[in-house]
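Take a look at the structure set out below.
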Amino acid sequence: MRISKSQYLFIITAVLAVYYLAVGIYMNHLGYYNQESIFYIEKTKIIFEGLGNRIKVMGLTSPLLPFYCSIIFSSISTFLAPVIASALGTAALFYILASTLRTRIPNDDFYFYLLIVLFFLHPGLLYVATSGKAIYLVLISFFLFFFNLLKFYRSNTTFHVSLASIALVTLIFCDYKFVWLCLFFIPLVLAITLQSLNLGEKESIFRLFLSFNSPSLRRKLVSKTFAIYIILFILPIASIICYKLLNLTHASDLNYFIESPYATWNVLVDKLNYDITTAATNYQLPELSVLVSVRVVYFCPLILVAIYLFRESTYQALTILSPFAFIEFLHIKYDKLYITYEYYLIFLVLSLLCLTFKALVVKNQKVFKIIVSVAVLAQLYTGYAFLKGSFIHDEKAFITTLFSGKHNMDQAEIMDMAGYINTLPKSSHVLMDDAVAYPVAAFTNDIRKLTLPYQDLFLSAIETPYRYDDYILIATAKNPFTGYTQLNNKYIPAIRIVNSGINYRRVHESDNWVLYKIISIQ
């Protein structure tokens, strides 16, 4: 019995998913965790095991879609849920790309095999699939957004703009920074509308001149431009407004989901990454705005091939170039943050999409395939080099742990403190601020032992901890997050003055954390 192409693709996807799961579990056993996956683990524990009102945690934890995807697999294993989600999600990304490729290039398996090589060997895609981060959702949404835009360019059917709008919504709810991508499509919509008009002139500037000098064409241009704006942007705008109102209702802050360390993991982690790098003795120059796009080309030389394929169509070429403007904008707006790995990977996905649409238009396929092969081989190296030389600690730690096979000690201190809390009597209660101590909470076996900010009694517990808790977890002066919590080294001296009849004894400590036992001396 002969296996069909669709069955063959499904088998490869299944093998890829198993491969990703094996590597992800291996990395987990080596002790590799990143801050994003730990954050999801802690919030998942609160939802399923915590005490008190958990609706706010369930509805306002951000990014929303990655968190929910992680929750789905928490019944299998709370600690492996983010890894399982990223492994299966990256396999799904491969399936979407490969099935699209097979549909548009049905009689040439060369590009399909290149895709397989990339997904099996590219260190960046391996990082996406096995780290437990939600980059896979960003890449899937990004692909679907541009895929439907390119389909609209060919078919001139607004249905594809509607699908692109839905993909844009999911992209924003995977990473809110992608809302700024809309800025670069506002002027582009006019070029798209001009191209869709039935005019003999090909150059955009002359098409615009003809349209404005003809009343009927001018009305058609304005109405069609406005219609595309509505279809493309109304759903993202409405979704963001609704979510901001939800935050205002339940957290009294429109931007709670992007500004509060209780809602999202990257508020403090991004700042920490920047502070650590700039304060390091082997200080590296931060990314320069002029060089960000150059770094993209170095990371993904295949993007030059993609731009070349669309060189004859100005508005399509501008569409391909819009992500360059987007990351340059991010670098300027968020000047205290580094461009993370996912923003480079979107260009790899975009390049593969462009190959899918335009590879067959090249007449000299033999030379073209050699160029593409060289670019893919170069990307296998640059994918490793970018992780190895990353400014982001979690990215560098991943590739170091993967290739060295040595146990990662980044969470050793956290696990040690959580391990001690796990040995406390079951009836004990520990006051803890998970704005900064969420890794400790994540590795605590019984989260019901913890008094956390999502609970109504937390503020009362801070004022009179001896009434509610037996222990207090304090961030030391050495802790980089000590300025972002009340439970720091200044808390105990202050609370001793207020509650003179209570004493606090250190029972377990490390460089960044101290656990105090509350002792009544009255």
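A few notes on this one:
- Identity of the residue in segment 330-365, among the aromatic types (Phe, Trp, Tyr) and assigned to a helix (DSSP H, G or I), that ends up surrounded by the fewest Cβ atoms within 10 Å (Cβ to Cβ): TYR344
- If you check ASP410, ASP394, ASP434 for being modelled with pLDDT under 95, under 24 Å from THR482 (Cα atoms), part of a helix (DSSP H, G or I) and touching a helix residue (DSSP H, G or I) at 6+ places or on another chain (Cβ under 8 Å), only one passes: ASP394.
- Condition met for LEU101 (in a helix (DSSP H, G or I), touching a residue at least 40 places away in the same chain (Cβ under 8 Å), touching a Leu at 6+ places or on another chain (Cβ under 6 Å) and of a type outside the set (Asp, Glu)): no
- Test result for MET1, closer than 28 Å to ILE96 by Cβ, open to solvent by 50 Å² or more (accessible area, probe 1.4 Å) and either modelled with pLDDT under 95 or assigned to a helix (DSSP H, G or I) (or both): yes
- On the stretch given as segment 418-454, residues that are closer than 29 Å to MET27 by Cα and under 28 Å from the mean Cα position of the chain (by Cα) total 16.
Yes/no matrix, rows are residues, columns are (1) under 23 Å from LEU114 (Cβ atoms); (2) in contact with a Lys or Arg (Cβ under 7 Å, 6 or more places away or on another chain):
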residue	(1), (2)
VAL297	yes, no
PHE310	yes, yes
ILE320	yes, no
TYR334	no, no
ASN364	yes, no
PHE368	yes, no
THR382	yes, no
LEU387	yes, yes
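- Selection within segment 221-260 - among the β-branched types (Val, Ile, Thr) and closer than 20 Å to VAL161 by Cβ: VAL222, THR225, ILE228, ILE230, ILE231, ILE234, ILE237, ILE240
- Every residue from segment 464-488 that is outside any loop (DSSP other than H, G, I, E, B), open to solvent by 70 Å² or more (accessible area, probe 1.4 Å) and touching a residue at least 12 places away in the same chain (Cβ under 8 Å): TYR466, TYR468, TYR484
- Exactly one residue out of THR100, THR61 is within 16 Å of the chain's Cα centre (by Cα), open to solvent by less than 30 Å² (accessible area, probe 1.4 Å) and over 12 Å from ALA134 (Cα atoms): that is THR61.
The values are calculated or read from the model by the stated rules, or taken from the named source; none is laboratory data. All of these numbers come straight from a predicted model, not from anything done at the bench. Cβ atoms come from the backbone with ideal geometry, glycine included; neighbour counts cover every protein chain shown. Surface areas here come from the heavy atoms of the whole protein model, side chains and all, with no ligands, DNA or RNA. Shrake-Rupley method; radii C 1.70, N 1.55, O 1.52, S 1.80 Å.
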